[in-house]
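S.K.: Pasting a structure below so you can have a look.
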Amino acid sequence: QKEVEQDPGPLSVPEGAIVSLNCTYSNSAFQYFMWYRQYSRKGPELLMYTYSSGNKEDGRFTAQVDKSSKYISLFIRDSQPSDSATYLCAMMGNYQLIWGAGTKLIIKP
Amino acid sequence: EPEVTQTPSHQVTQMGQEVILRCVPISNHLYFYWYRQILGQKVEFLVSFYNNEISEKSEIFDDQFSVERPDGSNFTLKIRSTKLEDSAMYFCASSGEGQPLHFGNGTRLTVT
């Protein structure tokens, strides 16, 4: 079993829809949970960062962590074509950052 | 907002040549990292660096690779004798204590 599982997609939704992106993990030692957005040929850009279970909101983005189920989510409200990118979940328990495979998201105008 | 900068954006080299990829991390960060991403694949950890020494490295980071922080601002990755399979995007990242990583835009290395 991989340490972090993430559906690679692609996920295609119409503009304005609510998007739900998810990752599951197996290592209960993970303490930090992050979502990165990566545009083609660019570096991963940090979107959200959470330390504990619960929700964290930033504008149109909400990150959710459920440590008991080992499940994290990123919700994007009012999705825009500019949100089209690959979204990577990442988790850290010590120095090493463990990445999901990334989900390619396509927002259709 | 401060950012991690990497140079060059694209490096082409012949197999067997040495390359040095350069990074300027965010100035008050203490932890530095190199990752790579082969086209279409996952981001892979190479090495982490703290307090002027390697703190952790992956199995990818073999004797052909080395890192250095030659002065107070730069963080470099050297590949001594490049192979075709070293072709990838190389990302530098930095972080503060207990903080998430911030990435540069990467150097695309093409080995011919």
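S.K.: Take the conditions buried (at least 18 other Cβ atoms within 10 Å of the Cβ) and of a type outside the set (A, V, I, L, M, F, W, C) and apply them to B:His29. Does it pass?
M.R.: Taking the combined requirement at face value, the residue satisfies it.
S.K.: Within segment B:58-77, is even one residue over 17 Å from A:Arg41 (Cβ atoms), of a type outside the set (Phe, Trp, Tyr), touching a strand residue (DSSP E or B) at 6+ places or on another chain (Cβ under 6 Å) and within 12 Å of chain A (Cβ to nearest Cβ)?
M.R.: yes
S.K.: Go through (1) closer than 30 Å to B:Thr5 by Cβ; (2) surrounded by fewer than 17 Cβ atoms within 10 Å (Cβ to Cβ) and name the single condition A:Asp78 misses.
M.R.: (1)
S.K.: Moving on to the next point. Could you say which residue among A:Ser20, A:Ser12, A:Ser40, A:Ser68 is within 13 Å of the chain's Cα centre (by Cα), surrounded by fewer than 15 Cβ atoms within 10 Å (Cβ to Cβ) and small (Gly, Ala, Ser)?
M.R.: The match here is A:Ser20.
S.K.: Moving on to the next point. Can you tell me which condition A:Phe33 does not meet? The list is (1) within 12 Å of chain B (Cβ to nearest Cβ); (2) modelled with pLDDT under 90; (3) surrounded by 16 or more Cβ atoms within 10 Å (Cβ to Cβ), and all the others hold.
M.R.: Going through (1) within 12 Å of chain B (Cβ to nearest Cβ); (2) modelled with pLDDT under 90; (3) surrounded by 16 or more Cβ atoms within 10 Å (Cβ to Cβ) one by one, A:Phe33 breaks only (2).
S.K.: Look through A:Lys108, A:Lys104 and report the one residue that is within 30 Å of B:Arg108 (Cα to Cα), more than 10 Å from chain B (Cβ to nearest Cβ) and touching a helix residue (DSSP H, G or I) at 6+ places or on another chain (Cβ under 8 Å).
M.R.: After ruling out the rest, the residue left standing is A:Lys108.
S.K.: For residues that are surrounded by fewer than 13 Cβ atoms within 10 Å (Cβ to Cβ) and within 13 Å of another protein chain (Cβ to nearest Cβ), scanning just segment B:78-112, find the one that is farthest from A:Phe33 (Cα to Cα).
M.R.: For segment B:78-112, the residue satisfying everything is B:Glu97.
The values are calculated or read from the model by the stated rules, or taken from the named source; none is laboratory data. None of these values were measured; they are calculated from a predicted model. Neighbour counts run over all protein chains shown; Cβ positions are idealised from the backbone, glycine included.
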